[in-house]
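Below is one structure; the comments refer to it alone.
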Amino acid sequence: HAQLVESGGGLVQPGGSLRLSCAASINIFALYEVGWYRQAPGEQRELVALLTNGNSPNYADSVKGRFTISRDNVKRMVSLQMNSLKPEDAAVYYCNLRWGLDNYWGQGTQVTVSS
C-alpha cells in the first residue's frame, strides 16, 4: 500500500505562483503513471495534469501553458509548478499514482487564489 503526502498549497494572489509536491512511499515508483487532479467546492474532481513514463505530459486545456508537471523517480516525488494562477484555479489538489489495479490518492492540499 502506498502513502502519498502532498505539500505546497496555500493562498496566493492572482497572477502568482505555487509549487505543489507529492512524496510517495512506494516501491517501483517509476512504473506508475502520475497525475494531479483538483476539486473545487460543488464540482467534480478533474484532471489537471498527467505524466506517464515515456510520454509527453497531458494537461487540461484550462492550465496549458501555465502549469508544468514533473517527476523525480529517484526521490519518488511528483511536482506541479503552477504559474499565472487565476481565481478559477482555486481547489483542493490531489496527487494520484496509478499502475494496473493500483490507484492511490493523496490527502489533498488546498490552493486558494484571491486578492
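Quick one: would you say L11 is surrounded by 14 or more Cβ atoms within 10 Å (Cβ to Cβ) and either among the aliphatic types (A, V, I, L, M) or within 25 Å of K86 (Cα to Cα) (or both)?
Working: surrounded by 14 or more Cβ atoms within 10 Å (Cβ to Cβ): no; either among the aliphatic types (A, V, I, L, M) or within 25 Å of K86 (Cα to Cα) (or both): yes.
Spelling it out, it is not the case that L11 is surrounded by 14 or more Cβ atoms within 10 Å (Cβ to Cβ) and either among the aliphatic types (A, V, I, L, M) or within 25 Å of K86 (Cα to Cα) (or both).
Here the stretch 16-59 is the region considered, the condition is being more than 16 Å from N73 (Cα to Cα) and charged (D, E, K, R), and the residue that is nearest to the chain's Cα centre (by Cα) is R38.
Based on what the data block shows, is L20 part of a strand (DSSP E or B) and touching a residue at least 12 places away in the same chain (Cβ under 8 Å)? Taking the combined requirement at face value, the residue satisfies it.
Quick one: which of R76, R98 is on the phi > 0 side of the Ramachandran plot and in contact (Cβ under 8 Å) with a residue 24 or more places away in the chain?
R76 is the lone residue from the list that is on the phi > 0 side of the Ramachandran plot and in contact (Cβ under 8 Å) with a residue 24 or more places away in the chain.
Total residues in the stretch 80-115 satisfying the condition of being under 20 Å from S17 (Cβ atoms), within 11 Å of the chain's Cα centre (by Cα) and open to solvent by 60 Å² or more (accessible area, probe 1.4 Å): the figure is 0. Annotation: G42 fulfils all but one of (1) outside any loop (DSSP other than H, G, I, E, B); (2) at positive phi; the unmet one is (1).
The values are calculated or read from the model by the stated rules, or taken from the named source; none is laboratory data. Quick caveat: nothing in here was measured; it's all calculated off a predicted structure. Cβ atoms come from the backbone with ideal geometry, glycine included; neighbour counts cover every protein chain shown. Only protein heavy atoms, including side chains, enter the accessible area calculation; ligands, DNA and RNA are left aside. Shrake-Rupley method; radii C 1.70, N 1.55, O 1.52, S 1.80 Å.
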